[in-house]
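Asks: Next up is a structure, given as structure tokens.
Taken together, the values in this text are just the output of simple stated rules run on the coordinates, not laboratory data. Note that the structure is predicted; figures quoted are calculated from it, not measured. A quick note on method: Cβ atoms are made from the backbone with ideal geometry, for glycine too, and the neighbour counts reach across all protein chains shown.
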Amino acid sequence: MSKAWSRVGCQATIVRMDHSPASTCAHRSKLIGCEGLVVAVLRNGGAALLRLDNNEYDLPHGVRRWVVAWDDLELHKPVGASKPPAYVVGFSKKRRVLKYHAVAPGTKVAICSAPVKPLPFCGWSLAFSPTTPRACSECLALLTEGTVPAP
Ligand SMILES: [Zn+2]
């Protein structure tokens with residue numbers, strides 16, 4: 001098994017079109033900038049078969065799979081390696097009202113920008129989840145909207 005095979009399952013972006021087969025290069029203007037998944041290794045490890053994330057109707061001839069040279073690709077982390085952002089629980093107390101917030105690990109500010117403290121009994125080790133009792137509604141809303149940048 002060649003080393004190239006370890007790249008199957010990686011997400012990649014087509015960043016240039018200098019080394020790919022002519023059939024791919026012919027559509028360079030449409031394909032550069034596209035992202036996709038490496039689904040196979042071709043040409044004795046010299047090129048990737050990339051399944052693009054785009055809709056078929058956005059792509060030349062409605063084709064989603066393209067042979068792209070490795071040198072024309074920028075590889076991302078394998079799918080599954082990038083976990084969804086995990087937040088820990090921090091608390092705030094305002095007029096005796098206790099609230100639990102979602103906090104990016106390593107910070108002391110909740111994602112709703114409230115200053116928070118670590119939990120007295122377990123510090124920063126508890127993961128924030130929507131089922132957390134007394135969870136801050138702002139933090140929950142931000143998380144469900146998915147507008148929070150990954151920590
Ligand atoms: Zn909050």
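Asks: Do you know which residues across region 92-137 are within 10 Å of the ligand (Cβ to nearest atom) and aromatic (Phe, Trp, Tyr)?
Replies: Passing the criteria: Tyr100, Phe128.
Asks: So how many residues does region 108-133 have that are assigned to a loop (DSSP other than H, G, I, E, B) and surrounded by 12 or more Cβ atoms within 10 Å (Cβ to Cβ)?
Replies: Qualifying residue count for the region: 10.
Asks: Next question. Does Tyr87 satisfy the condition of being within 12 Å of the ligand (Cβ to nearest atom), buried (at least 20 other Cβ atoms within 10 Å of the Cβ) and touching a residue at least 60 places away in the same chain (Cβ under 8 Å)?
Replies: Details: within 12 Å of the ligand (Cβ to nearest atom): yes; buried (at least 20 other Cβ atoms within 10 Å of the Cβ): yes; touching a residue at least 60 places away in the same chain (Cβ under 8 Å): yes.
The answer is yes for Tyr87.
Asks: Being touching a helix residue (DSSP H, G or I) at 6+ places or on another chain (Cβ under 9 Å) and touching a residue at least 12 places away in the same chain (Cβ under 8 Å) is the requirement here; does Ala127 meet it?
Replies: Values: touching a helix residue (DSSP H, G or I) at 6+ places or on another chain (Cβ under 9 Å): no; touching a residue at least 12 places away in the same chain (Cβ under 8 Å): yes.
Taking the combined requirement at face value, the residue does not satisfy it.
Asks: Let me ask something additional. Of all the residues that make up region 10-54, how many are among the basic types (Lys, Arg), closer than 11 Å to Leu73 by Cβ and not in a loop (DSSP other than H, G, I, E, B)?
Replies: 0
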